[in-house]
Every structure is written in structure tokens, then in C-alpha cells.
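Okay, so here's the structure we're looking at.
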């Protein structure tokens with residue numbers, strides 16, 4: 001399952017303007033959604049970025065541009081211009097079919113450690129949490145799989161290797177995994193993807 005899905009999970013490195021003209025760097029994850037070069041991630045991963053670089057599982061890198069963003073849903077689509085054979089779109093599953101106790105697997109780049117896999121279960125459904133960008137997304141999937149900074153925008157999989165969520169945030173007093181993570185359901189992602197790919201900015 002990991003071998004099947006990981007080529008469709010990318011690491012996103014951003015350069016952002018800091019205070020006093022300084023420049024900072026951020027790291028997150030994203031999912032290839034088609035062979036045209038569109039990648040979905042969290043809005044908070046790319047919001048305010050001056051530049052973005054995508055790294056694929058084979059080490060290939062490409063500069064990315066922002067296509068569309070929905071801050072309230074914490075979703076965004078970015079685009080890379082690479083040959084289609086280098087793009088391996090993920091397969092979305094039906095998040096409405098999830099039950100508490102189902103096994104889930106997270107792939108992303110926690111603390112910049114690319115292509116990391118963690119495992120857990122669905123701990124709750126229809127959660128509301130203060131998101132990483134200050135908004136409060138609802139209908140989130142709660143999981144106990146290890147999710148840390150850098151996992152944002154990455155894959156949450158079911159046992160069939162289908163994407164059933166995009167990892168979004170954690171609930172932690174120490175900004176690290178304590179077994180309470182949240183993901184945006186895949187059905188929400190699929191519903192918003194067309195408008196994001198068409199350049200929606202909300």
C-alpha cells in the first residue's frame with residue numbers, strides 16, 4: 001500500500017517573508033490529483049508563500065505556483081510543470097463510509113522527514129477544531145495516527161490505499177503529536193477541487 005501511494009505524496013517547501021525583511025522556510029505535504037500537474041494541500045501550507053518547491057518521492061524537484069485557495073476549508077491547489085510520467089495521481093475513497101475504529105495510515109513529511117508513514121485508527125468523526133490557519137473547519141476526522149508539523153496536506157489512507165482525508169492539524173499543548181490529529185474528509189476535498197483548480201480564491 002505504501003509503495004502504491006507514496007509516489008503521489010509530495011513534500012512542499014515554501015519561502016515566506018518574515019519580519020524586518022528576513023525570509024523563513026516552511027514545510028508541508030501535498031497530493032498529486034491529476035497528470036496535468038495539480039497538487040492539493042492545506043491552505044496554511046502555502047498561504048503567503050513567496051516561492052514554493054515541490055519534491056517528489058524520487059527526488060525530482062519542481063517550482064510550483066498557486067492556482068486556487070479556500071482559507072475557510074484550509075485547502076489549496078498548486079501547480080507544477082513536469083512531464084506526466086512523473087505524476088502519480090492518488091485515488092480518493094469515500095470518507096462517508098468511515099467508522100470509528102477503522103484503521104488509517106498517514107503519509108507526509110513530519111519535521112521535514114519526507115515519506116514518513118504512521119498508523120492508527122479513526123478516533124472520532126464530525127469534529128470541529130481550530131485549524132492551523134486560525135479558521136475553524138468542521139466535519140473533521142479525528143485520528144490517533146502520529147501527525148506532526150510537516151504532515152499538513154499529506155495523505156490519510158484506508159486499508160485499500162485510498163485517500164480518505166488530508167491531514168490538517170493536531171490538538172497539542174506542546175505542538176507535537178499526543179494522539180489527537182485531524183484530517184479534512186476526502187469527500188469535502190473532492191467537492192471543492194473543481195473550483196480550486198479553476199482558480200477560486202476565497
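Residues in the range 90-117 that are crowded, with 16+ Cβ neighbours inside 10 Å and touching a helix residue (DSSP H, G or I) at 6+ places or on another chain (Cβ under 8 Å): 90, 92, 93, 95, 105, 107, 115, 116, 117. Entry remark, the range 34-52: residues being touching a strand residue (DSSP E or B) at 6+ places or on another chain (Cβ under 6 Å) and surrounded by fewer than 16 Cβ atoms within 10 Å (Cβ to Cβ) number 3 in total.
Of all the residues in the range 71-81, those that are over 14 Å from the mean Cα position of the chain (by Cα) and modelled with pLDDT of 95 or more number 3. Within the range 7-27, the set of residues being surrounded by 21 or more Cβ atoms within 10 Å (Cβ to Cβ) and modelled with pLDDT of 95 or more comprises 8, 9, 10, 11, 12. Tell me the residue from 36, 106, 76 that is outside the structural domain of residue 163 (by TED's automatic domain parsing) and part of a strand (DSSP E or B), please. None of the other options fit; the residue is 76.
The values are calculated or read from the model by the stated rules, or taken from the named source; none is laboratory data. Quick caveat: nothing in here was measured; it's all calculated off a predicted structure. Quick reminder, even Gly has a Cβ in these numbers, built from the backbone with ideal geometry, and neighbours come from all protein chains shown.
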